[in-house]
């Protein structure tokens, strides 16, 4: 199209070739090949130069659009190859959406605003299945078992807290020991088949030989804290849950050697070389490093 435009504007093959910095014979062959492909003559050759045919004039009207589209396609292709455009499907869960994950997504969006981010609220087993089915590119969860085809990277470790009604006797303490919760009505989550926080809490009580009284087992942290607000019991949860500002609920740090913290992991397919995913993982790694350095300096 650039060759055609030069000949159309110069009305002369020699001047067009000079303008394009190529020899005239290759230019003539390119124009002849274009005419053969289109099945019609674009120029009338004369002793003084060339004139556009009706077909040539019609094509000339479209050339600026074609060149602009070609340039746009080239630019978008390069941007896609650098992970600057595209789509990132992210699997989320419960308390993960309350603090850390939104911060990482905000960093990524600020750096690559043209990448569309789609969020999917999925349980742990649903995230693993969605990764394998390529419905999501990356997921976040806790206590993920090793998988041959899935990379499980620890992003950070969150400390544990106890949520309780502000009128509860334990609310007067600055910290709460696991033994303080013995035989108290406890709300645990999530009640899913795969190992999760509920099983970790149960194991901690068993190792310390404490009686565990489960009042309710629920699917997510929001429901758990809502039940705490309703006075149904107390809940052991992660620090990110403190961002849930429900009336009448207070949080106290949990003091326990068995149940000190829990990891937040990032999951993605081992064979996924998507530029968008790689760009996002850079943000995840940078955030984890900044968070770790901030904790050390504190």
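Quick test of your reading of the structure: residue 5 fulfils all but one of (1) more than 30 Å from residue 85 (Cβ to Cβ); (2) touching a helix residue (DSSP H, G or I) at 6+ places or on another chain (Cβ under 9 Å). Name the failing condition by number.
(1)
Against the conditions (1) more than 47 Å from the chain's Cα centre (by Cα); (2) surrounded by 12 or more Cβ atoms within 10 Å (Cβ to Cβ); (3) free of Cβ contacts under 8 Å to residues at least 40 places away in the same chain; (4) over 15 Å from residue 2 (Cα atoms), where does residue 51 fall short? Just the number, please.
(3)
Failed condition for residue 203, given (1) at pLDDT 90 or above; (2) out of contact with any strand residue (DSSP E or B) (no Cβ under 9 Å at 6 or more places or on another chain); (3) over 15 Å from residue 142 (Cβ atoms), with all others met?
(3)
Can you pull out the residues in segment 134-155 that are closer than 22 Å to residue 254 by Cβ and surrounded by fewer than 18 Cβ atoms within 10 Å (Cβ to Cβ)?
Those that are closer than 22 Å to residue 254 by Cβ and surrounded by fewer than 18 Cβ atoms within 10 Å (Cβ to Cβ): 143, 154.
Exactly one of these conditions fails for residue 118: (1) at pLDDT below 95; (2) out of contact with any helix residue (DSSP H, G or I) (no Cβ under 8 Å at 6 or more places or on another chain). Give me its number.
(1)
Suppose we filter 55, 17, 73, 80 for residues that are closer than 30 Å to residue 283 by Cβ, in a helix (DSSP H, G or I) and touching a helix residue (DSSP H, G or I) at 6+ places or on another chain (Cβ under 8 Å); which single one remains?
Answer to the check: 80.
Residues that are crowded, with 18+ Cβ neighbours inside 10 Å and in the same structural domain as residue 168 (by TED's automatic domain parsing): which helices (runs of 4 or more DSSP H) entirely in segment 186-298 hold 3 or more of them? Before you say what the answer is, go through the steps one by one.
Numbers: elements: 197-207, 221-229, 275-297.
Helices (runs of 4 or more DSSP H) meeting the threshold: 197-207, 221-229.
Please verify whether segment 75-83 includes one or more residues that are assigned by TED's automatic domain parsing to the domain that holds residue 7 and closer than 30 Å to residue 11 by Cα.
no
Restricting to segment 98-122, name every residue that is without any contact (Cβ under 8 Å) to a residue 24 or more places away in the chain and in contact with a strand residue (DSSP E or B) (Cβ under 8 Å, 6 or more places away or on another chain).
Correct list: 105, 109.
The rows are residues; the columns are (1) farther than 19 Å from residue 219 by Cα; (2) in contact (Cβ under 8 Å) with a residue 12 or more places away in the chain; (3) within 24 Å of the chain's Cα centre (by Cα).
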| residue | (1), (2), (3) |
| --- | --- |
| 135 | yes, yes, yes |
| 141 | no, yes, yes |
| 165 | yes, yes, no |
| 176 | yes, yes, no |
| 186 | no, yes, no |
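The values are calculated or read from the model by the stated rules, or taken from the named source; none is laboratory data. In this text, all values refer to a predicted model and were calculated from it rather than measured experimentally. We place every Cβ from the backbone using ideal geometry, glycine too, and count neighbours over all the protein chains shown.
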